[in-house]
Structures are given as C-alpha cells and as structure tokens.
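Here's the structure we're looking at; comments come further down.
What follows draws every value from the coordinates through simple rules; no lab data is involved. Small disclaimer: the values here were computed from a predicted structure and weren't measured. Reconstructed Cβ throughout: ideal geometry from the backbone, glycine too, with neighbour counts over all protein chains shown.
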Amino acid sequence: MRFFDTHAHIGLIVEDTIERLIILKSAKHAKVDAIISICNNLVDFKKLYKELADSSNLFFAAGISPTEIEHKSKDWQEQLEEILTWNKVVAVGETGLDYMKKTGSRDQQIELFIKHLQLADRNNKPAIIHNRNANNDILDVLGSYMPKQGAVLHCFCEDPTFAQEAISRFDNLYISFAGNLTWRNSYNLHKSAIVLPLNRILVETESPFMKPTLYKDVRTKPEFIHTTVEYLAGLRNESVEYVAEILFENAERFFQISIPK
Ligand SMILES: [Zn+2]
C-alpha cells in the first residue's frame, strides 16, 4: 500500500531543517511515497525549496495564498512564472478566495486568483484552490479561467450538493479531503465522500492543521494520511488497499508525475 499526501505545509510543522527531514523520513516509513509541499507566499517557498528539493518523496506547489494578498512583491508574477519551470514544482497554489479572513477586498482577491489560474494554464500546471465562504465566486471564476490541467478544491469543507455541482461542471476538477473527514460530526463531508466518484477524490493532511481524530493531541504530519484514507474506505465500504491505490493514481494523474512503486 502507498499513500500520497497532496497538501502539507512542511515549513509550518517544525522550524528546523533536520527536523523537517526527519518528518519526511518518517512519512516515507509510513508508506507516504509522495507529498506536495505547500507555502502561502513565494519567500517561504524559495527558502523551503532550497532546503528540501532533494528529498525524493517531496514535490512542490508555489503561489500566493489569498491570506497573503497584502504581502506580495511587485514582481510576483515574473517570479512565479520562473519558479514554475523548476523541476520539482508541479502545481500552482495555494490560491483561491478566503472571505472569512477578509484580507484585501473581494475584487482584489478575485484578481489575484485569476492571475494564478492564468499562470497555471500558461505553464500547464494544475491549481490548488483554497475556499472559505466563497463557493459561488470560486465556481464563477473557474467557469472562465479553469486551467487546462485542472484544479482541486483542497481541504473540502462544504456540503455534498456543492461537491456534486462542482465536479459535474468541470471534468478536470478534484475534491480533496483532509483529517476533518474523520471527525464524528463532519456529516456533510461524510456524505460528500460517499457520493463523489472515487476517481475525482484526493486526500491531504493539510499539516500542521486539520488534525485527524486518531492524532488529536499532536501536530499533524504527512505520516497521518493513512487515517483519512482508512476512514474514506470505511465510509464507501471499499477496501483500504483499493482506495489507497486509486487515490495515489488520481494524484499522479493530477500532478503529472509518476512515482516508481
Ligand atoms: Zn493549506
């Protein structure tokens, strides 16, 4: 069995390089053969890439999260365009809309989101989308700017109606579940995970956030991804081996990488 953690803020789990390498190593021992490292801005991204690009199970996304909209540099687009040519960078993100944190205005957030989607499209990369209280605007923007390589609604927190509407509107859109899928009262997520076709689902830890029930008292790490996969398989009444493998292949297809078995 092998696992793919499609969204982990490796730089936020621990401060120290050695400790980060230990986290990647213990993930590898836990059969997490691939991890996508996420940063919220380009400064953090560059630092982490320099530090960890040689780690065999680690790949990177780069972008400016809507929560960092006020901290971007003037030439961020040129910088990101160049970063997207680096060989372990496989996605644009995280990008999206966050109407809960209220950073920047709605128009400014939409503009930043659209620019990220255009960069993704131009560079043939998928986009990793953060959505807080912005369901309609997310779908509207994707309606005009969906990158050809597709997008994922990461750390999905909405209801099954929205999940189904979203995937039926776009055939290259995926839904990613984090550790909150395993919470007893996450009824909407449980229902979503059952009604969605398995080939449109990804999983993530959203480390160090979104603690799965089993590991509530510690900081979330990629090695915990198995709990979400096991829970998903249980909900769908499918074998863990089968679900883990399909999820892995979904992520390989989405990020256009192939990990040797
Ligand atoms: Zn995140």
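Side notes on the structure shown:
- Test item: Cα-centred dipole of the stretch 11-67, Lys/Arg +1 and Asp/Glu -1 on Cβ, debye: 140
- In the stretch 176-238, the GluC sites (Glu not before Pro) that fall in loop regions by DSSP, at most 15 other Cβ within 10 Å: GLU238
- Efficiency of FRET from Cβ geometry, SER56 and ARG253, R₀ 22 Å, rounded to 0.05: 0.65
- Estimated FRET transfer efficiency when R0 is 30 angstrom, pair TRP86-GLN118 (beta carbons, to 0.05): 0.95
- Placing +1 on the Cβ of every Lys and Arg and -1 on the Cβ of every Asp and Glu, with nothing else charged, gives the stretch 72-176 a dipole about its Cα centre of roughly 200 debye.
- Rounded to the nearest 20, the Cβ-based charge dipole of the chain about its Cα centre (Lys and Arg +1, Asp and Glu -1) stands at 260 debye.
- For the chain, the 222 nm mean residue ellipticity estimated from helices alone, with every DSSP H stretch of n ≥ 4 adding -39500 (n - 2.57) and the total spread over all residues, rounds to -13000 deg cm²/dmol.
- Length-normalised contact order for the chain - Cα pairs under 8 Å, 6+ apart - percent: 20
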